[in-house]
Structures are given as C-alpha cells and as structure tokens.
Amino acid sequence: MSLPVARPQWRALSLPSDQLFVVISRLIALVLLIVVLSILSPHFLTWTNLINVLRQASLQFMMSAGLTIVILTAGIDLSIGAVLGLSACISASLISGGYVAIGIASALLSGLACGMINGLLVTVGRIPPFIATYGMLWIAFGLGYVFMKGE
C-alpha cells in the first residue's frame, strides 16, 4: 500500500479563468509599458531612475502596508491621508524651527493618537470602521487646517 504523494498547489493556476485573464493581461500591459518607455527614453531603465521612483513612492508604500493589514482584517481606514497630513504639518513646523527629534516624535505620536482613537471607537465603542475613520478624516483635516492657520 503506497501513500498518496502531496503535490504542490499552484495558487495562481487554480484561479478561475476570468481572474487569471485579468492578472495575465495586467502583467502584459505592464511589460509593454516598460518596453515602450525604455524605447522612448534612454534614461528610463537606469539605476538612477529606479532609485528616484522608489524614493518618491516610499510614502505610498508605507501607507499601503498599514492599510493592507486593516483591509485584511475586514476593516477600512478612510482617515489615513488626513492623519498623514496632520502629522506632516505638525512635524514640519517643528523641524523647520530646529527641533528635528521632537518633530519626528510628534509626527509619530500624532499618528499613533489618531490610530488609537480610531481603534478604540471601533473596538470599545462598537462604531463601524467606515463611520469612525470617516469622522477622524474630517477631525484630522480640520486640526491640520487650524494648525496651519488656513494656509
């Protein structure tokens, strides 16, 4: 009597045909875009351009990493952009005044405070994440506006 051999499951190949078509068509479009841009500009496929793109997209990468965790746990966070704006306003004003360490700490603490308020509203207050984070979006936007004196 022989035991059945476990075969690896290829997750991408087990997608339904319509989803597999979407994934493959997007990859083909990305490859075509890279090829066309490489032909049009000799500077596109350079190390300097890659570093420049990664440097400019690093903020979106960090925001999307945190938001991915929220979405994977069946939640939603609408306030991430406004909280980022509030944190940036507070820290930039302190950093431009010469308080670099305090500016960085204030950015982290203001983001932490807004996130904790969101978390407490959702878990303890039993408010739906959509409503809690939508409210925080406008609170953070308003605080940033007041802090910057409308500028």
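The values are calculated or read from the model by the stated rules, or taken from the named source; none is laboratory data. Computed from a predicted model, the values in this text were never measured in an experiment. Glycine gets a Cβ as well: all are built from the backbone with ideal geometry, and neighbour counts include every protein chain shown. For accessibility, only protein heavy atoms count, side chains too; no ligands or nucleic acids. Shrake-Rupley method; radii C 1.70, N 1.55, O 1.52, S 1.80 Å.
Details
- Counted residues, the range 35-59 - those being assigned to a helix (DSSP H, G or I), surrounded by 10 or more Cβ atoms within 10 Å (Cβ to Cβ) and polar (S, T, N, Q): 4
- Close pairs from the range 27-53: first among the aliphatic types (A, V, I, L, M), partner assigned to a helix (DSSP H, G or I), Cβ under 7 Å, at least 6 apart: Leu45/Ser38
Residues checked against (1) among the hydrophobic types (A, V, I, L, M, F, W, C); (2) at pLDDT below 95; (3) more than 17 Å from Val53 (Cβ to Cβ); (4) touching a Lys or Arg at 6+ places or on another chain (Cβ under 9 Å):
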residue: Met1; (1), (2), (3), (4): yes, yes, yes, no
residue: Arg7; (1), (2), (3), (4): no, yes, yes, no
residue: Trp10; (1), (2), (3), (4): yes, yes, yes, no
residue: Ser14; (1), (2), (3), (4): no, yes, yes, no
residue: Ser17; (1), (2), (3), (4): no, yes, yes, no
residue: Leu20; (1), (2), (3), (4): yes, yes, yes, no
residue: Ile34; (1), (2), (3), (4): yes, yes, no, no
residue: Ser38; (1), (2), (3), (4): no, yes, no, no
residue: Pro42; (1), (2), (3), (4): no, yes, no, no
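- Tally, over the range 132-151, of residues that are under 15 Å from Gly115 (Cα atoms) and open to solvent by 100 Å² or more (accessible area, probe 1.4 Å): 3
- For first residues located in the range 121-145 and polar (S, T, N, Q), partners that are part of a helix (DSSP H, G or I) and lie 6+ apart or on another chain with Cβ distances below 7 Å form the pairs Thr133/Asn118.
- Among the residues of the range 12-71, the ones that are farther than 30 Å from Pro129 by Cβ and of a type in the set (A, V, I, L, M) come to 22 in all.
- Of note, Ala65 satisfies the criterion of being at pLDDT below 95, in a helix (DSSP H, G or I) and surrounded by fewer than 12 Cβ atoms within 10 Å (Cβ to Cβ).
Every residue, every condition in (1) open to solvent by 80 Å² or more (accessible area, probe 1.4 Å); (2) without any contact (Cβ under 8 Å) to a residue 60 or more places away in the chain; (3) farther than 22 Å from Met148 by Cα, yes or no:
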{"site": "Thr73", "(1), (2), (3)": "yes, yes, yes"}
{"site": "Ile76", "(1), (2), (3)": "no, yes, yes"}
{"site": "Ile80", "(1), (2), (3)": "no, yes, no"}
{"site": "Gly85", "(1), (2), (3)": "no, yes, no"}
{"site": "Ser96", "(1), (2), (3)": "yes, yes, no"}
{"site": "Ile104", "(1), (2), (3)": "yes, yes, no"}
